[in-house]
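Step one of this worksheet: look at the structure below.
Just so it is clear, none of the values below were taken in a lab; they were calculated from the coordinates. All values reported here derive from a predicted model rather than from experimental measurement. Cβ: placed from backbone, ideal geometry, glycine included. Neighbour counts: every protein chain shown.
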Amino acid sequence: MTRKVAEMRTTLAQKGFRLENTHHAQYRLYVDGRKTAISTRFSHSKKEYDDRLLGFMRRQMKLQNALEFNQFMDCEMTGDAYAKNMVARGEVRQAPPPEAPSATKKKKGKHG
């Protein structure tokens, strides 16, 4: 199987990955606006990826098998479902819940 690089880039961008400027075209996953350790990169010279390169990409994306990778790329898996899977597998840390506003108490001084 081969996949077109342009189509994969579009899919990644639609599902929470952002292009970073490096010597390769690197896409990094962001979850809830937070940068994660999950990234994948594309060679500038390739227009299509074969099974070998797709396997490298799948492993970089922390997907368990070719079926999951194909579901992601064929839009059978949403970006939200992918992010939830990565959190459940411990590949991405879940964002802490927002803190409740704390009541500020005025400290009394010596003469207060």
> Can you give me the pair-distance distribution of the range 3-88, C-alpha pairs, 5 Å bins, whole percents?
Replying inline: 3, 14, 28, 30, 17, 7, 1, 0
> Under 16 Å from the 7 Å Cα→Cβ point of D50, by amide nitrogen: which residues of the range 1-32?
Replying inline: 1-5
> Stretched out fully, how many nm does the piece from A13 to R59 gain, at 0.36 nm a residue minus the Cα gap?
Replying inline: 14.8 nm
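When the chain is fully extended, how far beyond the present Cα-Cα distance does R89 get from A25, taking 0.36 nm per residue of separation?
Working: separation 64, 0.36 × 64 = 23.04 nm, distance 2.62 nm.
Additional length available on full extension: 20.4 nm.
Mind checking the dipole of the range 3-88: about its Cα centre, +1 per Lys or Arg Cβ, -1 per Asp or Glu Cβ, Debye to the nearest 20? Write down the numbers at each step before the final one.
On the way: 16 positive and 10 negative charges, 70 e Å.
For this selection, approximately 340 debye.
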> What relative contact order, as a whole-number percentage, does the range 3-88 give when Cα pairs under 8 Å and 6 or more residues apart are counted?
Replying inline: 25
> Going by how many other Cβ atoms sit within 10 Å of their own, how do L19, L67, L53 line up, fewest first?
Replying inline: L67, L19, L53
